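> Mind looking over this structure? Questions follow.
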Amino acid sequence: MNDSRRPMFAANWKMHMGPRGASEFVAAFAELYAPRDDARIVFFPPSISVAAFRDASEGRPDLELGVQDVHEAVSGAHTGAVSAAMAKEAGVGWALAGHSERRREFGDDDATVATKVNRILESDTRPLLCVGETLEEREAGQLETVLSRQIKAVLDTLDGHGIAGLTYAYEPVWAIGTGRTASADDAAAAHAVVRREIEMRGGPADAVILYGGSVKPANIDELLSAHGVDGVLVGGASLDPEGFAAICSAGR
Ligand code: PGA
């Protein structure tokens, strides 16, 4: 990691934690983790729990908030969906785009992800763009092709200002929720590919790139030490206040 920057620790709660669970988590986490300047913490609860999270974290502006998805349209007849502008209005500063579960379960293809990133930026919210290969793609030697395609699809739709506003997460699909983690070397190699693609398309050399996939207290030190890893996006292990507090305190 670039020493001049603080690591980012992001929690993707997926479809866990209703409003009550979110409030209880914040109360517990706030006891375990004091605000500090040398880390950035962002939570992605389900949309339905954003208000409860925001209320529970009043007085803790260091605990930033995001949504896990927004619709690609600005507004309209899209039952069940939430727009980027609504998320912003609800007090959210971040939004995930391109998470592999959205790609797989909800059919978000590269073009949809690109549109969503545009909506997020237009709403003055920060996109966290997730990219990553499946096991099949990795074994077929397509790591670079897949990462390049996923990044190009989004960056080609943005101007320089938009590109500068992106944060990235490299999440190998085979490591998500499986207990299998990329080694530090695997992560470093993939992050180098992501960084090269970003730079080739006019993005900053120091873009923030998180690693995600079965991150837990036991492997956080190794992953954070990998070259080019600027932080982590944590699913399962972020549901436990103690475990996530330990992750957020890693290396310091
Ligand atoms: P995991 O999920 O930590 O449970 O593997 C990570 C993610 O999907 O963002």
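> State the extension gain, in nm to one decimal, for the chain segment bounded by Ala73 and Arg104, taking 0.36 nm per residue of separation less the distance between their alpha-carbons.
Net length gain for the segment: 9.2 nm.
> Mind putting a number on the dipole of the stretch 8-248 about its Cα centre? Charges go on the C-beta only, +1 for Lys and Arg and -1 for Asp and Glu, and I need it in Debye to the nearest 20.
Charge dipole, the stretch 8-248, about its Cα centre: 320 debye, nearest 20.
> Right, here's the next one. Over the stretch 172-252, give the accessible area per residue in Å² for a 1.4 Å probe, as an integer.
37 Å²
> Over the stretch 96-161, give the accessible area per residue in Å² for a 1.4 Å probe, as an integer.
Heavy-atom accessible area per residue stands at 47 Å².
> With each pseudo-label sitting 7 Å past Cα toward Cβ, what's the Arg180-Arg196 distance in nm, one decimal?
2.3 nm
> To the nearest Å, what is the center-to-center distance of the stretch 68-96 and the stretch 119-155, using C-alpha atoms only?
Computed from Cα coordinates, the inter-centre distance equals 20 Å.
> Hey, another quick one. Taking just the C-alpha trace of the stretch 56-97, give me its Rg and Dmax in Å.
Answer for the stretch 56-97, Rg first and Dmax second: 11.8, 37 Å.
> Using just the C-alpha positions of the stretch 16-128 as equal point scatterers, what log10 of I(q)/I(0) does the Debye formula give at each q in 0.17 1/Å?
-0.82
> In addition: Using a probe of 1.4 angstrom, how much of the accessible area of the chain is carbon and sulfur, in percent?
Carbon-and-sulfur percentage of accessible area, whole number: 51.
> Determine the alpha carbon to alpha carbon distance for each of Lys88/Lys216; Lys116/Lys152; Lys14/Lys152 and list only those over 19 Å.
Lys88/Lys216; Lys14/Lys152
> Can you tell which of Phe44, Phe25, Phe53 shows the greatest fluctuation in a Gaussian network model of the chain with Cα springs below 10 Å?
Top of the fluctuation ranking is Phe25.
> Here is a further query. Compute the Cα gyration tensor for the stretch 8-248, then decide on rounded, prolate or oblate, letting a ≥ b ≥ c be the square roots of its eigenvalues: rounded whenever a/c is under 1.5, prolate when a/b is larger than b/c in the other cases, and oblate in all that remain.
Oblate, since a/c reaches 1.5 and b/c is not below a/b.
> If each of Ala140 and Asp156 carries a label point 7 Å out from its Cα toward its Cβ, how far apart are those two points in nm?
1.9 nm
The values are calculated or read from the model by the stated rules, or taken from the named source; none is laboratory data. Since the model is a prediction, treat every value here as computed from it, not as a measurement. Neighbour counts are summed over all protein chains in view; Cβ atoms, including those assigned to glycine, are modelled from backbone coordinates with ideal geometry. Note: accessible area is taken over every heavy atom of the protein model, side chains too, but ligands, DNA and RNA are not part of it. Shrake-Rupley method; radii C 1.70, N 1.55, O 1.52, S 1.80 Å.
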